[in-house]
Amino acid sequence: MKIEETEKEIIEEFEIFGDDWEAKYEHLIDLGRSLPLIKEEFKTEERIIKGCQSRVWLNSELRDSKVFFTADADAIITKGMVALMVRVLSEQKPEDIVKAKLEFVDTVGLKEHLSPTRANGLVSMINKMKADALAFIK
Amino acid sequence: MKDLKNIRDQFPVLNQKINGYDLVYFDNGATSQKPLSVIESISNYYKASNANIHRGVHTLSRTATELFEKARKTVADHFKVKNDQQIIFTAGTTDSINLVVNGLSKNYLQKGDEIILSSYEHHSNILAWQLWAEENGGKLKVIPLLEDQSLDYSKLEELINQKTKLIAIAHVSNTLGVITDLEKIKVLAKKNNIAVLVDGAQSAPHMPVDLEKLDVDFFVCSAHKMYGPTGIGVLYLSEKWLKDLQVSKPGGGTIKTVTFEKTEYAENALRFEPGTPHIAGAIGFAAAIDFMNAVGMQTIFEHEHELVQYAQQKMSEIPEVIVYGKSNNKAGVISFNVKNNHPFDVGTLMDKYGIAVRTGHHCTQPLMQCLNIQGTVRISFAIYNTKSEVDFFIEKLKKVITMLN
Ligand SMILES: Cc1ncc(COP(=O)(O)O)c(C=O)c1O
């Protein structure tokens, strides 16, 4: 599936909640809970994305010209957001990852997680995902 | 208790919805909201009296100087300091501490000297000392915590030796709300001829502080946590240190005479206030102090204490909640965690209900290490908070716990 297609799928998945933010967050929490995202051995100090209240770990690998992301976070809401990002960006070509605008975050009403003051590491994680993808192009 | 409704009406910012809910502002430990009287004093100053102060011959400059110096007097009176020159205006608590460390390092602190801190110091009362220690082979020693997260004063005496020069300690812990027993500290400090710096950032907003009675060497606080503006705070110096503290931040306004060879510094507070000060800030700060005194510091303390007791009682009925700082001697702050949940998740969902709390390490990472936790959720009160806000908070906390588990 292409990046935009996954984004569309997520938008539809969240549409049923309408304005009910509680339901939306419960879904996000479920997403976070359902995913063991990263191998324990990868949860190392070096893989922590620093400077965030919630610790986020990210691992990137290139296989068959596609980037495979695995990640984890210690806060469940952050983990839900991380799960969404991994779902959208993993197993994609590095070029497409670098270009991805990720507008679905705004559309589904979770834009607050991208604000620089959220201190939840999501922005740093997206930057890291793109930087890793860029490094695979070179 | 004075008319609370009337008090809330003086804070326009409180009257708003967040995400469809009435704002509940429980982040007063970080900064308090400002009453109209403070906002207007600043705006009036810029509208009617703005000029640079000191040495101006024109009328506006004289007015501005008078307002600024009157603000100093207001602060001095508030803290029961007879000589208002012992009140230095700084940019805030952090700035005040830096001024003390850098001044003391010029003639009081020697290579290899030792400073005693507590386990619950704010980074602002650690880093400047640490930097000094690293550069001078100095040493920081720490008063440990007891089970109930108050300080183990019985250990203080063993930390003191010939090289101990100063004890720097928070009056109230910004993370736990625990009030420090300064009497116990002072007795040992006096006996061993050690200077004492009290970080009053979290006491000055919440309880009466009488600096004459307190009788310490240095006391520091920030206006913005006391219903006043950001960017201004206090460094109180004892009579001795007003004379002996060395200038570490020189500049215009601090002098008597200057030649290219030698400068003679002013003997009063101005010595420590280089450059154009935060004049509007000082005026706003004075208005904030007038506001607090109109309510009464004792009233503020009792009101917030009642809220703390009330909230802690309700929280103790929720089995998933762990409260830190079990001592009953607390001012205005409660730190807690929900078992098996990250403070960030609790804070994020609370915000969705319009409740402003703080999450994380609260600039007290060494304390987090002592408690062996990543962070906490902190609620902190001000005079405008109410029991019904606490009720709403408790109701939503229970909801958040169900959502997360
Ligand atoms: C105990 C304590 N000390 C120091 C500070 C630093 O104050 P400021 O940021 O106003 O300089 C704070 C504020 O968070 C505090 O609570």
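The values are calculated or read from the model by the stated rules, or taken from the named source; none is laboratory data. What you see is a predicted model, and the numbers here were worked out from it, not measured in a lab. Here the Cβ is made from the backbone with ideal geometry for all residues, glycine too, and neighbour counts use every protein chain on show. Accessible surface is based on the protein model in full, side chains and every heavy atom, while ligands, DNA and RNA are left aside. Shrake-Rupley method; radii C 1.70, N 1.55, O 1.52, S 1.80 Å.
A few remarks follow.
- Counted residues, the range B:243-280 - those being at pLDDT below 90 and on the phi > 0 side of the Ramachandran plot: 1
- Filtering the range B:330-386 to residues that are in contact with a helix residue (DSSP H, G or I) (Cβ under 6 Å, 6 or more places away or on another chain), more than 28 Å from residue B:303 (Cβ to Cβ) and of a type in the set (S, T, N, Q) leaves B:341, B:348.
- Among the residues of the range B:361-371, none qualifies, meaning not one is assigned to a strand (DSSP E or B), within 15 Å of the ligand (Cβ to nearest atom) and under 20 Å from the mean Cα position of the chain (by Cα).
- Filter result for residue A:126 (part of a helix (DSSP H, G or I), in contact with a helix residue (DSSP H, G or I) (Cβ under 8 Å, 6 or more places away or on another chain) and at pLDDT 95 or above): no
- Residue B:164 passes every criterion in (1) at pLDDT below 95; (2) open to solvent by less than 50 Å² (accessible area, probe 1.4 Å); (3) more than 16 Å from the ligand (Cβ to nearest atom) apart from (1).
- Odd one out for residue A:57 among (1) in contact (Cβ under 8 Å) with a residue 12 or more places away in the chain; (2) part of a helix (DSSP H, G or I): (2)
- Considering residues of the range B:367-395 that are farther than 30 Å from residue B:146 by Cα and open to solvent by 30 Å² or more (accessible area, probe 1.4 Å) only, the residue farthest from the other protein chains (Cβ to nearest Cβ): B:387
- Of all residues in the range A:49-84 being buried (at least 19 other Cβ atoms within 10 Å of the Cβ), more than 14 Å from chain B (Cβ to nearest Cβ) and out of contact with any Leu (no Cβ under 9 Å at 6 or more places or on another chain), the one that is modelled with the lowest pLDDT: A:58
- Within the range B:268-297, the residues that satisfy the criterion of being free of Cβ contacts under 8 Å to residues at least 40 places away in the same chain and assigned to a helix (DSSP H, G or I) are B:271, B:294.
- Residues (away from every other protein chain (no Cβ under 14 Å), outside any loop (DSSP other than H, G, I, E, B), of a type in the set (A, V, I, L, M) and more than 17 Å from residue A:68 (Cα to Cα)) located in the range A:1-48: A:10, A:11
- Whenever a residue of the range B:42-53 is free of Cβ contacts under 8 Å to residues at least 24 places away in the same chain, its partners that are part of a loop (DSSP other than H, G, I, E, B), lying with C-beta atoms within less than 8 angstrom and at least six residues away or across chains, give the pairs B:51/B:58.
- Qualifying residue in the range B:343-366 (condition: away from chain A (no Cβ under 14 Å) and open to solvent by 20 Å² or more (accessible area, probe 1.4 Å)): yes
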